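Participant: Input: one structure, supplied below.
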Amino acid sequence: MVNIKWEELGFDYMKTPYRYISHWKNGEWDEGHLTEDNKITISEGSTCLHYGQECFEGLKAYRRKDGKINLFRPDENSKRLNRSAERMCMPEVPEEKFIDAVKQVVLANEEYVPPYGTGATLYIRPYLIGVGDNIGVVEAPEYLFSVFCMPVGPYFKGGMAPTNFIVSEYDRAAPQGTGAAKVGGNYAASLLPGYQAHKRNYSDCIYLDPATHTKIEEVGSANFFGITKDNKFITPISPSILPSITKYSLLHLAKERFGMETIEGDVYLNELDQFAEAGACGTAAVISPIGGIQNGDDFHVFYSETEVGPVTKKLYEELVGIQFGDVEAPEGWIYEVN
Ligand SMILES: *Cc1c(COP(=O)(O)O)cnc(C)c1O
């Protein structure tokens with residue numbers, strides 16, 4: 001067994017033994033293979049380096065009590081990768097190839113899938129990049145699709161404890177831009193606001209709708225949700241939000257399992273008093289309760305800066321229970337790796 005203190009893991013890079021890589025050239029993908037080399041050699045003219053022609057995904061493998069390994073809705077990651085690829089003018093990766101690559105990487109690095117009960121998971125990062133000799137602003141002549149992985153703990157320092165966020169004056173995406181695609185450019189735009197937020201001890205930024213700056217869009221790497229005082233689950237709707245698979249899963253669970261009214265709608269910054277609880281959700285963030293939001297000089301506390309609200313807790317336990325195989329999953333949500 002590998003010697004890792006699973007309970008102490010943060011969200012940090014770790015080189016695991018194997019990764020998958022496949023090359024697209026002349027209109028088709030090659031077979032793809034596992035490699036121990038964590039470096040790639042690409043042309044200096046690669047479009048991913050200059051023009052941001054790339055997209056990526058993030059999903060996790062979960063060790064069950066019986067030792068088997070679950071993937072959570074990897075078909076949805078595959079579909080989203082292909083929607084991002086279309087927006088970035090890149091070839092699609094067939095769903096079968098995507099899921100096979102993910103399974104190969106998890107199995108090859110099985111020792112690094114954290115044991116059940118440690119709270120840690122195996123984070124899986126698929127990415128697709130434009131490569132090959134090029135200098136003009138056009139789509140690349142060749143592409144690489146790769147999948148690598150590493151064991152991780154909580155994304156935000158608190159884990160399932162509330163942390164505070166700050167409203168950013170910057171935008172991460174434009175109204176008709178690439179906000180709904182999981183692409184590096186959106187993240188490049190968020191690095192400076194993120195750096196400034198961390199320096200002031202906030203977990204991350206809250207981005208507003210880029211057209212009017214009056215509504216909450218999302219957190220830098222996770223979607224926003226709120227639980228109203230009359231028990232409705234509300235999450236923002238906008239073409240520049242990244243459609244979070246976790247968010248859609250919570251919408252389903254809130255409605256179907258807890259009988260809550262669920263709404264995708266506008267969340268105005270000046271109407272935060274309607275919420276009893278709020279959180280950030282995503283594969284990496286899971287559900288991270290939001291203690292308070294700093295907006296200029298105003299600091300709005302939701303449930304508490306130290307305690308997790310009861311509805312957030314209930315949703316978290318249902319979601320994580322499903323992911324680790326302790327709670328029955330809606331049909332088609334779980335893919336077994338082994
Ligand atoms: C990946 C991502 C999320 C979370 O999506 P999940 O599918 O739930 O992991 C949220 N916001 C942004 C900007 C993202 O890139």
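Participant: Kindly provide the trypsin sites (Lys or Arg not before Pro) of the range 14-53 that DSSP labels as loop, not H, G, I, E or B, and whose Cβ sees at most 12 other Cβ atoms within 10 Å.
Facilitator: Taking the range 14-53 and a limit of 12 other Cβ atoms within 10 Å, the loop trypsin sites (Lys or Arg not before Pro) found are Lys15, Lys39.
Participant: Distance cut-off 26 Å, Cα to Cα: go down the list Lys79/Lys103; Lys157/Lys314; Lys79/Lys232; Lys232/Lys313; Lys97/Lys157; Lys60/Lys199 and report the pairs above it.
Facilitator: In this structure, Lys79/Lys232; Lys97/Lys157; Lys60/Lys199 lie more than 26 Å apart at Cα.
Participant: Another question, if that's okay. Quick query: amide H of Ala278 versus all other amide H atoms, modeled in the peptide plane; which residues come in under 5 Å with a sequence gap of 5 or more or a different chain?
Facilitator: When sequence neighbours closer than 5 places are left aside, the close amide H contacts are Ile227, Ile290, Tyr303.
Participant: At q = 0.08, 0.11, 0.14, 0.20 Å⁻¹, what base-10 log of I(q)/I(0) does the Debye formula yield for the range 163-323 when every alpha carbon is treated as an equal point scatterer in vacuo?
Facilitator: -0.20, -0.39, -0.64, -1.37
Participant: How high is the FRET efficiency between Asp133 and Gln196 when r is their beta carbon distance and R₀ equals 35 Å, given to the nearest 0.05?
Facilitator: That pair, Asp133 with Gln196, gives E of 0.40.
Participant: How tilted is helix 184-199 with respect to the longest principal axis of the chain? Cα atoms for both, answer in degrees (0 to 90, nearest 10).
Facilitator: So the helix axis and the longest Cα principal axis differ by about 50 degrees.
Participant: Restricting to Cα pairs below 8 Å that are 6+ residues apart, what does the relative contact order work out to for the range 190-316? Please round to a whole percent.
Facilitator: So the answer I get is 21 percent.
Participant: Taking H as built 1.01 Å from N, whose amide H comes closer than 5 Å to the amide H of Glu218, not counting residues under 5 places away?
Facilitator: Tyr207
Participant: Loop only by DSSP, 15 or fewer other Cβ within 10 Å of the Cβ. Give me the trypsin sites (Lys or Arg not before Pro) in the range 169-246 that pass, ordered by residue number.
Facilitator: Arg200, Lys229
Participant: Multiply the residue gap between Gln274 and Lys39 by 0.36 nm, knock off their C-alpha separation, and tell me the result in nm, one decimal place.
Facilitator: 79.7 nm
Participant: Scan the chain and report its longest stretch carrying no GluC sites (Glu not before Pro) that are both in a DSSP loop and have at most 13 other Cβ atoms within 10 Å.
Facilitator: Formally, the longest exposed-site-free interval is 45-168.
Participant: Can you tell me, using C-alpha contacts under 8 Å and at least 6 residues apart, the relative contact order of the range 163-253 as a whole percent?
Facilitator: 30 percent
Participant: Right, next: Just to check I understand the Karplus step: with θ = phi - 60° and J = 6.51 cos²θ - 1.76 cosθ + 1.60, what whole-Hz values come out for the range 55-69, glycine and proline as x?
Facilitator: 8, 8, 9, x, 8, 10, 10, 10, 7, 7, 4, 7, x, 6, 10
Participant: Can I ask one more? Give the separation of the Cα centroids, the range 89-157 to the range 296-317, in Å.
Facilitator: Centre-to-centre distance over Cα atoms comes out at 32 Å.
Participant: Setting aside same-chain residues fewer than 8 positions from Lys182, which aspartates and glutamates have a Cα under 16 Å from its Cα?
Facilitator: Answer for Lys182, where 16 Å is the Cα cut-off: Glu54, Glu57, Asp75, Glu76, Glu86, Glu92, Asp171, Glu217, Glu218, listed by chain and number.
Any read-out appearing in this document is the output of simple, stated calculations on the displayed coordinates, not a laboratory observation. Predicted, not measured: the structure shown is a model, and the values here were computed from it. Note that we place each Cβ from the backbone using ideal geometry, even for glycine, and neighbour counts take in every protein chain shown.
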